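The values are calculated or read from the model by the stated rules, or taken from the named source; none is laboratory data. Keep in mind that what you see is a predicted model, and the values were worked out from it rather than measured. Quick reminder, even Gly has a Cβ in these numbers, built from the backbone with ideal geometry, and neighbours come from all protein chains shown. Ligands, DNA and RNA are stripped out before the accessible areas are found, and what is left, the full protein with its side chains, is counted by its heavy atoms. Shrake-Rupley method; radii C 1.70, N 1.55, O 1.52, S 1.80 Å.
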Amino acid sequence: MFWESYITNDKLVDLGISIGILLLFLIFRKLFTKYVFVLLLKLSRKAPNDFFSHIFISFQKPIQWLFIIIGIYFSVGYFPYLNQHNSLFRDIISSSFIILLTWGLYNMAAASSALFTSLKVRYGLEIDDILIPFISKALRVVIVAISFSIVAQEFGYDVNGFVAGLGLGGVAIAFAAKDVLGNLFGGFVIITEKPFTIGDWIMTPSVEGTVEDISFRSTRVRTFAQALVTVPNATLANESITNWSKMGKRQISFRLRVTHDTTKDQMANVVGQIEYLLKNHPDIHPETILVTFDDYKENGLDIFLYFFTKTTNWGEFLKIKEEINFEIMDILENERVYVAMPSRKLYLEPESENQLKKDSRVRQESSR
């Protein structure tokens, strides 16, 4: 019968050999993962840096699959119903090797990889937390694109024709993706000008908070109410950005208004003591300290204060400001100078005063 001619003893033997080869490579894969890979990883960790360890970790899964692909290739040589020299089979095997290599390189290009850290430490490169994710994503796109083109060529596709076809539709794509391109260029502006980096406290007309992530399309900012706001890079690049984290010192500026009955000597003493206090305070920046009798106002005399704290931390800044205010209160109390309150004085002419008294008596008599 047909099936008896199709399945012969020789073919069954070849089938058994084929399955045995595949199982043997599966055993090799397990032994490699359990012993050889662990040994190589331990040896690599004795190196001065983690570069080789990261290479082994990146290629761990691809190498495990490599054993399977090699096992399939050799087992097909004995498999009675497949031809090892078949062009499609060879293209699939070749493409599999390319995909495994791409897989390993893709893992190595991760933003958290030791590759960037090693390069930064060894060569003293100024690669900040914004640039690393961009470089990582760009490398991954390039790796995948090259791999795709090589695999396509393996199967006989004309990649040049595909690229030319993209060129013909480039104008339409550009119009459709103008917002995406705008955000992409906005991301490059943020990288090159570096108005902020990940972890900075920024304030813009759109949002205020801490920068958590910067991608090709947008920037994610965590507000102080713990909301996560995603701002397109095109919008962010065209707005005024205040980076509070880049402050070297924090400003304090206000006017202290005292009453009009403050004498010249009292005013001079108050101004001098406040200036001495600020110049000798350990948390006040000595570079710019201004304390002056500044102006006459309707309800008092103004003392202008302008100085900076050394710290930029918001909590510490408020503590220092409170401490300075208490010290100023002591100075005013010692000099018997009082803070002016909004008030008005009413002066009455004698005739008006007599008239008010008469009106008061009339009201009293009428009430009786």
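General observations
- Per-pair calculated FRET efficiency, R0 = 30 Å: Val339 and Glu287 via Cβ, rounded to 0.05: 0.60
- At a probe radius of 1.4 angstrom, the accessible area of the stretch 197-246 per residue rounds to 50 square angstrom.
- Three-way shape label, the stretch 197-246, alpha-carbon gyration tensor, a/c 1.5: rounded
- With the simple model of a label 7 Å out from the Cα in the direction of the Cβ, Val141 to Leu82 spans 3.7 nm.
- Among the protein heavy atoms of the stretch 250-335, carbon and sulfur supply 49% of the accessible surface, probe 1.4 Å, non-protein parts ignored.
- On a per residue basis, the convex hull of the C-alpha atoms belonging to the stretch 250-335 measures out at 88 Å³.
- With protein chains left intact and a 1.4 Å probe, residues in the stretch 250-335 average 59 Å² of accessible area per residue.
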